[in-house]
Amino acid sequence: MTDLLTPVLSANWGQDHSWGIDAYRAQGGYDAVAKALALTPDAVTGIVKDAGLRGRGGAGFPTGMKWSFVPKDNPNPKYLVVNADESEPGTCKDMPLLMASPHTLVEGMIIASYAIGCHTAFAYVRGEVLHVIRRLQQAVAQAYEAGLLGKDIQGSGYDLDIIVHAGAGAYICGEETALLDSLEGRRGQPRLRPPFPAVAGLYASPTVINNVESIASVPSIINRGAAWFSSMGTEKSKGMTIYSLSGHVKRPGQFEAPLGITLRQLLELSGGIREGHELKFWTPGGSSTPILTPDHLDTPLDYEGMAGVGSMLGTKALQVFDETTSVVRTTLRWVEFYKHESCGKCTPCREGSWWLVQLLKKFEAGHAVDGDVDKLLDVCDDIGGKSFCALADGAVACVTSAVRHFRPEFEAGYATPAWELFPYGRSALFPVAEGGHA
Amino acid sequence: MSGHEFQSYFPESGSVDMTDTSTNIDETTMAELRELAGRYPQSRSALLPMLHLVQSVDGRVSPAGIEACAEVLGITTAQVSGVATFYTMYRRRPGGKHHVGVCTTALCAVMGGDALLETVEAKLGIHPDEITPDGTFSLERLECNAACDFAPVMMVNWEFMDNMTPAKAEGLLEDLAAGREVQASRGATITSWREAERVLAGFPDGRADEGPSAGEASLLGKGIADAEGWAAPQPEGSVL
Ligand SMILES: Cc1cc2nc3c(=O)[nH]c(=O)nc-3n(C[C@H](O)[C@H](O)[C@H](O)COP(=O)(O)O)c2cc1C
Ligand code: SF4
Ligand code: FES
């Protein structure tokens with residue numbers, strides 16, 4: 001039986017100067033690069049496949065398989081792009097990883113690049129995180145100085161350059177094809193697939209796009225083996241991963257555990273819901289994953305467990321709300337986020353998210369009329385599955401799941417403002433003048 | 001429900017303010033723009049960093065900055081402004097010396113972010129997307145800044161100001177206004193928004209070693225594991 005928590009990626013975060021190359025090397029950092037460069041690229045991919053690592057950016061696609069889709073006979077250069085856009089509401093794991101241990105990502109990028117035959121790799125970091133970008137820039141510079149990047153890495157004959165690239169504020173650039181357009185210096189709008197990035201990605205060349213945590217998991221897999229990694233987790237969801245607990249809990253924070261831990265277990269570790277309150281609803285993996293209730297406290301937080309209760313594991317961003325919280329209010333705020341972040345390319349999402357905001361504002365103000373809940377669901381139906389990319393599906397998921405679990409609360413919006421039913425000050429962590437609402 | 005207008009990423013106006021033609025872009029800036037363009041396999045990839053650099057020099061995306069980017073990359077000014085107007089971090093009007101953001105996405109909003117924003121608005125006497133008359137502060141409503149375990153979250157010049165309260169925010173703004181030293185929760189000493197933009201453009205300021213490795217919340221799970229003696233399993237055949 002594995003322990004409840006299994007820090008691997010987060011093991012060094014508390015160390016003195018953990019972000020520097022000396023501290024990283026002192027604990028065996030970059031050993032995995034030496035090991036990987038002594039193997040064939042295919043052998044490296046094979047180990048990652050055997051480990052059962054699935055993408056940690058939300059979709060859970062097997063990482064080794066993704067790497068093996070890169071065509072070997074394509075004459076164009078191959079690219080690795082690390083998705084460090086981390087903007088899904090609730091998601092806050094990649095930024096602390098990069099701030100505390102940027103070399104874990106750099107080491108993973110070297111190994112992944114070698115495996116797919118790439119000589120130029122990019123880390124696309126959301127722009128609004130200055131210190132994270134500083135740390136990553138410095139880590140890359142240190143890796144060059146140490147001969148871990150550049151020409152003929154450690155005498156292996158293998159060359160690699162890494163470019164740290166700051167975005168400029170756009171959630172949609174986390175969607176992998178929008179990210180590629182953005183990285184090409186364009187508006188970040190999703191591309192039609194196929195062709196898939198593995199065949200025609202950045203500069204129409206074969207490209208692998210992976211989440212920060214996916215790539216950062218690779219050095220530990222190379223060091224300790226596929227069997228070690230897959231000894232953690234559940235049958236189809238292997239390994240350790242970072243769960244982010246936020247909201248009305250006594251102690252919010254990051255927890256690295258084998259896949260399949262439950263929210264009940266995580267809540268116990270964090271001291272539970274804040275004093276005198278109880279759990280009302282939560283997201284398993286960011287606002288795009290359908291919300292759940294106390295009924296789902298014991299469902300394993302893995303890909304299958306969450307799918308089984310009509311949600312998704314997503315980014316493992318557990319946002320926890322207690323009984324003081326108005327579901328209508330949070331749903332409106334999330335939909336306002338999607339409306340703001342809709343890239344505008346397709347009509348159902350661009351217009352539909354606007355209509356959803358208008359409707360939800362009426363619910364919040366107690367001005368909705370009989371039948372508006374069905375209208376809300378109708379509009380969702382016009383958007384979900386009918387838009388160009390998954391942003392719109394996320395926008396709809398938070399509405400439909402909220403109505404599914406809390407329909408009476410929406411119906412209450414036919415008569416009573418949400419801030420009367422749930423005085424907003426009570427949800428805040430500090431005293432707020434009652435009656436105050438946005 | 002009438003009056004439906006498509007809102008762009010810049011709700012306040014449709015395009016870059018072309019009437020203000022002032023600029024600080026000089027030969028040094030042009031050389032740096034060219035340097036950025038040279039860092040990528042295809043030069044146009046440098047456009048986002050180049051626009052960050054333009055902001056660090058001109059305090060906004062200036063018409064001259066748009067022309068400079070177009071010239072260096074060999075694309076049209078329309079192509080550059082099309083990009084500049086898509087991303088929220090690019091400003092059409094000057095940003096303050098300190099750019100303040102308050103997260104009001106659902107989780108932060110509920111935990112106190114809405115009240116925090118009201119406090120900051122009252123303290124600075126401005127609303128989001130405005131700048132104080134003396135140019136010291138500009139204000140923005142932020143979407144989730146990937147720090148929800150430190151909610152409610154505020155950012156100053158894109159540095160983390162974690163676990164904010166109205167009182168802490170007021171003190172912080174007073175210190176900044178008085179030119180006193182302010183330290184980010186997880187980051188460096190606060191300098192200015194323009195200096196931040198220069199780092200985002202890809203010109204490091206050598207301050208990566210400032211600040212802690214992580215915040216308390218980031219270390220929570222690891223701390224509990226240590227206290228309980230929990231760890232990842234040893235690999236098979238390991239001699240450790
Ligand atoms: C709207 C939208 C936003 C996304 N944002 C991110 C993000 O910030 N970071 C991320 O890694 N993946 C994000 N994704 C998922 C990526 O498209 C992609 O699946 C992922 O980066 C692949 O990496 P992985 O296989 O390692 O998970 C987003 C997807 C969508 C539809
Ligand atoms: S679904 Fe929304 S974000 Fe995605 S392409 Fe359409 S408009 Fe853009
Ligand atoms: S919701 Fe405010 S930082 Fe995530």
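Looking only at region A:93-107, count how many residues are within 11 Å of ligand 1 (Cβ to nearest atom) and not basic (K, R). First the steps, then the outcome.
Initially, region A:93-107 is screened for residues within 11 Å of ligand 1 (Cβ to nearest atom), giving A:93-95.
Still in the running and not basic (K, R): A:94-95.
Here the count works out to 2.
Output the number of residues of region B:135-177 satisfying the condition of being part of a helix (DSSP H, G or I), in contact (Cβ under 8 Å) with a residue 40 or more places away in the chain, closer than 22 Å to A:P431 by Cα and touching a strand residue (DSSP E or B) at 6+ places or on another chain (Cβ under 8 Å).
So the count comes out to 5.
Would a scan of region A:217-229 turn up a residue that is among the charged types (D, E, K, R) and more than 23 Å from A:F321 (Cβ to Cβ)?
yes
Looking at A:G394, is it within 16 Å of ligand 3 (Cβ to nearest atom) and more than 10 Å from chain B (Cβ to nearest Cβ)? Full working, then the answer.
On the way: within 16 Å of ligand 3 (Cβ to nearest atom): yes; more than 10 Å from chain B (Cβ to nearest Cβ): yes.
Yes.
When A:L148 is evaluated against the numbered criteria (1) part of a loop (DSSP other than H, G, I, E, B); (2) surrounded by 22 or more Cβ atoms within 10 Å (Cβ to Cβ); (3) within 10 Å of another protein chain (Cβ to nearest Cβ), which criterion, by number, is the only one it fails?
(3)
For residues that are touching a residue at least 12 places away in the same chain (Cβ under 8 Å) and out of contact with any Ser or Thr (no Cβ under 6 Å at 6 or more places or on another chain), tally how many sit in region A:43-57.
Initial filter on region A:43-57 (touching a residue at least 12 places away in the same chain (Cβ under 8 Å)): A:44-57.
Still in the list and also out of contact with any Ser or Thr (no Cβ under 6 Å at 6 or more places or on another chain): A:44, A:46-47, A:49-50, A:54, A:57.
Residues in region A:43-57 being touching a residue at least 12 places away in the same chain (Cβ under 8 Å) and out of contact with any Ser or Thr (no Cβ under 6 Å at 6 or more places or on another chain): 7 in total.
Going by the structure shown, is A:V335 assigned to a helix (DSSP H, G or I) and either closer than 25 Å to A:F422 by Cβ or of a type outside the set (S, T, N, Q) (or both)? First the steps, then the outcome.
Details: assigned to a helix (DSSP H, G or I): yes; either closer than 25 Å to A:F422 by Cβ or of a type outside the set (S, T, N, Q) (or both): yes.
Criteria met by A:V335.
Only residues that are in contact with a Ser or Thr (Cβ under 9 Å, 6 or more places away or on another chain), within 16 Å of ligand 1 (Cβ to nearest atom) and either assigned to a loop (DSSP other than H, G, I, E, B) or within 12 Å of chain B (Cβ to nearest Cβ) (or both): list them for region A:357-385, please.
A:G384
Among the residues of region A:259-294 satisfying the criterion of being in contact with a Phe, Trp or Tyr (Cβ under 8 Å, 6 or more places away or on another chain) and of a type in the set (G, A, S), which is modelled with the highest pLDDT?
A:S287
Cβ-Cβ distance below 8 Å, separation of 6 or more or different chains: which pairs start in region A:61-72 with a residue that is small (G, A, S) and end on one that is at pLDDT 95 or above and within 10 Å of ligand 1 (Cβ to nearest atom)?
A:G64/A:L53
Can you tell which of B:A188, B:A146 is among the hydrophobic types (A, V, I, L, M, F, W, C), surrounded by fewer than 23 Cβ atoms within 10 Å (Cβ to Cβ), under 23 Å from A:R135 (Cα atoms) and at the interface with another protein chain (Cβ under 10 Å from one of its Cβ atoms)?
On inspection, the qualifying residue turns out to be B:A188.
With respect to A:F406, determine if the residue is of a type in the set (F, W, Y) and outside any loop (DSSP other than H, G, I, E, B).
Judged against the criteria, A:F406 is a match.
So, in region B:194-213, exactly how many residues are at the interface with chain A (Cβ under 7 Å from one of its Cβ atoms), in a helix (DSSP H, G or I) and not β-branched (V, I, T)?
Count: 2.
Restricting attention to region A:103-145, which residues are charged (D, E, K, R) and either within 24 Å of A:K72 (Cα to Cα) or not in a loop (DSSP other than H, G, I, E, B) (or both)?
A:E107, A:R134, A:R135, A:E145
Quick one: is A:C349 more than 10 Å from every other protein chain (Cβ to nearest Cβ), surrounded by 19 or more Cβ atoms within 10 Å (Cβ to Cβ) and in a helix (DSSP H, G or I)? If you could, list the steps in order and put the result at the bottom.
Values: more than 10 Å from every other protein chain (Cβ to nearest Cβ): yes; surrounded by 19 or more Cβ atoms within 10 Å (Cβ to Cβ): yes; in a helix (DSSP H, G or I): yes.
Yes.
Report whether or not A:P89 is within 16 Å of ligand 1 (Cβ to nearest atom) and farther than 22 Å from A:T207 by Cβ.
Judged against the criteria, A:P89 is a match.
Spot the failing condition for A:H405; the list is (1) within 16 Å of ligand 3 (Cβ to nearest atom); (2) under 22 Å from A:S246 (Cα atoms); (3) not aliphatic (A, V, I, L, M), and only one is missed.
(1)
Of the residues B:P41, B:P152, which is surrounded by fewer than 23 Cβ atoms within 10 Å (Cβ to Cβ) and not aromatic (F, W, Y)?
Just one listed residue meets the conditions, B:P41.
Which one of these does B:V102 not meet: (1) assigned by TED's automatic domain parsing to the domain that holds B:E170; (2) surrounded by fewer than 21 Cβ atoms within 10 Å (Cβ to Cβ)?
For B:V102, the exception is condition (2).
Kindly provide the set of residues from region A:73-101 that are touching a Cys at 6+ places or on another chain (Cβ under 6 Å) and either within 16 Å of ligand 2 (Cβ to nearest atom) or outside any loop (DSSP other than H, G, I, E, B) (or both), ordered by number.
Result: A:K78, A:Y79, A:L80, A:D85, A:P89.
Of the residues in region A:162-219, how many are more than 16 Å from ligand 2 (Cβ to nearest atom), in a loop (DSSP other than H, G, I, E, B) and within 8 Å of chain B (Cβ to nearest Cβ)?
Within region A:162-219, residues that are more than 16 Å from ligand 2 (Cβ to nearest atom), in a loop (DSSP other than H, G, I, E, B) and within 8 Å of chain B (Cβ to nearest Cβ) number 3.
Could you tell me whether A:S287 is at negative phi, within 11 Å of chain B (Cβ to nearest Cβ) and assigned to a loop (DSSP other than H, G, I, E, B)?
Spelling it out, A:S287 is indeed at negative phi, within 11 Å of chain B (Cβ to nearest Cβ) and assigned to a loop (DSSP other than H, G, I, E, B).
Please list, ordered by first then second residue, the pairs with beta carbon atoms under 6 Å, 6 or more apart or interchain, first in region A:189-207 and in contact (Cβ under 8 Å) with a residue 40 or more places away in the chain, second of a type in the set (K, R) and assigned to a loop (DSSP other than H, G, I, E, B).
A:Q189/A:K345
If you go through region A:1-52 one residue at a time, how many are more than 7 Å from chain B (Cβ to nearest Cβ) and either outside any loop (DSSP other than H, G, I, E, B) or buried (at least 18 other Cβ atoms within 10 Å of the Cβ) (or both)?
Matching residues across region A:1-52 total 30.
Scan (1) in contact (Cβ under 8 Å) with a residue 60 or more places away in the chain; (2) over 15 Å from the mean Cα position of the chain (by Cα) for the single condition B:D129 breaks and write down its number.
Here B:D129 meets the rest and fails (2).
Specify the residue that is surrounded by the most Cβ atoms within 10 Å (Cβ to Cβ); the eligible residues are those in region B:214-240 that are more than 7 Å from chain A (Cβ to nearest Cβ) and assigned to a loop (DSSP other than H, G, I, E, B).
Step by step, filter region B:214-240, then rank; the result is B:G215.
The values are calculated or read from the model by the stated rules, or taken from the named source; none is laboratory data. Everything numeric here is computed off the predicted structure, so don't read it as measured data. Cβ sites come from the backbone with ideal geometry, for glycine too, and all protein chains shown count toward neighbours.
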